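Read the structure below first, then the notes.
The values are calculated or read from the model by the stated rules, or taken from the named source; none is laboratory data. The structure displayed is predicted, hence computed values, not measured ones. Cβ placement follows ideal geometry from the backbone for every residue including glycine, while neighbour counts extend to all protein chains displayed.
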Amino acid sequence: MDYIETLNTKAVPSSWVTIGAFDGVHTGHQTLFRKIVDGARQANCQSVAITFDPLPALFFKRITTDHILTSTQERVALIKKLGVDHVIVLDFTREFADIDALTFMSVVKKTLGLQKLFAGYNFTLGKDQAGTVAVLKEIGQKLDFEVEVVPPIRHGQEVISSSNIRKILKTGDVVKAKDYLGRPYALCGRVVHGESRGSKLGIPTANLSIPGERLLPATGVYATLSHINRKTYISVTNVGVRPTFDNPLPYPRVEPHLLDTNETFYGKTMTLEFIDYIRPEVRFPDSKALVAQIQQDITKTREILKK
């Protein structure tokens, strides 16, 4: 993957660095990156973000495989969009996890000319998570770099974190998730053929093939924006198992109905942004009642998107 830059191939004379998973690249992460970018420029240093693939939380099974907010490619793109000079993605393996904090930071110091390290208040690094902030400060004194501890960013009384965003999305509150992310939560997938049930009802859907590791919001119907072929369409999206039909799906599927177009987009890649939650997914007595409700969903979606 050409976006992965290993420490062994980098040669930065002097830098300000932050290290983390950064799943979601939420507003807390964004505040951190902007601080590093601005500060590094003033100090005539380069800004560097070091992240991992797979996420350490996924590797150690602290989260399940269907709880990822952003793919590695999306994380890198979002971080670079904030002006960070270098995004280094390291392969997270058992061998890597067993490296102690001093050894790792020695490499960072040597290859990146580390001048200042930014660490979250609860950040840990290295084997057995022994590289706490206090330990990193001791290492900084030994290797000659400064450590700045970054306090949490809050939304009201709640800390903005990837884990809290996951919880929010699981309730279907995509509006609150947008506040935490600084942008609508989005899924990206290829349009694939389904059973054409929507087309038979006069309401065709673009069935999206979503990578299994990505977190789906709670089952239900959402007002969404669909971006495809460099165009944006208002859409009504069902996330669920289609309980009205005789054979419900074994797992939730993401099916946006794009308004004001008759194109099918098979084989194309679509980015779907979740704007607002409309209603839960329910079983209707027949397809006629389902279609009537979907028409109401379309009307409500248009009203939401006008705002």
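Quick notes on this structure:
- Looking only at region 25-75, and only at residues there that are within 27 Å of Pro13 (Cα to Cα) and acidic (Asp, Glu), the one that is modelled with the lowest pLDDT: Asp53
- Test: residue in region 16-25 that is assigned to a helix (DSSP H, G or I), touching a residue at least 24 places away in the same chain (Cβ under 8 Å) and in the same structural domain as Thr111 (by TED's automatic domain parsing): no
- Of residues in region 141-182 being surrounded by fewer than 19 Cβ atoms within 10 Å (Cβ to Cβ) and in contact with an Asp or Glu (Cβ under 8 Å, 6 or more places away or on another chain), the one farthest from Ser14 (Cα to Cα): Val175
- Within the set Gln30, Gln73, the sole residue that is out of contact with any helix residue (DSSP H, G or I) (no Cβ under 7 Å at 6 or more places or on another chain), outside any loop (DSSP other than H, G, I, E, B) and farther than 24 Å from Lys116 by Cβ turns out to be Gln73.
Results for (1) assigned to a helix (DSSP H, G or I); (2) in contact with a strand residue (DSSP E or B) (Cβ under 9 Å, 6 or more places away or on another chain); (3) modelled with pLDDT of 95 or more, shown as yes or no for each residue.
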residue: Ala134; (1), (2), (3): yes, no, no
residue: Lys142; (1), (2), (3): yes, no, yes
residue: Val149; (1), (2), (3): no, yes, no
residue: Pro152; (1), (2), (3): no, yes, no
residue: Asn164; (1), (2), (3): yes, yes, yes
residue: Leu169; (1), (2), (3): yes, yes, yes
residue: Ala177; (1), (2), (3): yes, yes, yes
residue: Tyr180; (1), (2), (3): yes, yes, yes
residue: Arg183; (1), (2), (3): no, yes, yes
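- Among (1) among the polar types (S, T, N, Q); (2) at pLDDT 90 or above; (3) more than 25 Å from the chain's Cα centre (by Cα); (4) closer than 25 Å to Leu169 by Cβ - the single one Thr244 does not satisfy: (2)
Yes or no, residue by residue, for (1) assigned by TED's automatic domain parsing to the domain that holds Pro54; (2) at pLDDT below 85; (3) acidic (Asp, Glu); (4) not in a loop (DSSP other than H, G, I, E, B):
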residue: Ser199; (1), (2), (3), (4): no, yes, no, yes
residue: Pro217; (1), (2), (3), (4): no, no, no, no
residue: His227; (1), (2), (3), (4): no, no, no, yes
residue: Glu255; (1), (2), (3), (4): no, no, yes, yes
residue: Pro285; (1), (2), (3), (4): no, yes, no, no
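- Extreme residue, surrounded by the most Cβ atoms within 10 Å (Cβ to Cβ), among residues of region 270-283 that are closer than 23 Å to Ile210 by Cα and at pLDDT below 95: Glu281
- Qualifying residues in region 12-28 (those that are more than 14 Å from the chain's Cα centre (by Cα) and not β-branched (Val, Ile, Thr)) - the one nearest to Ala177 (Cα to Cα): Trp16
- Residues being assigned to a loop (DSSP other than H, G, I, E, B) and within 19 Å of the chain's Cα centre (by Cα) - total across region 39-59: 2
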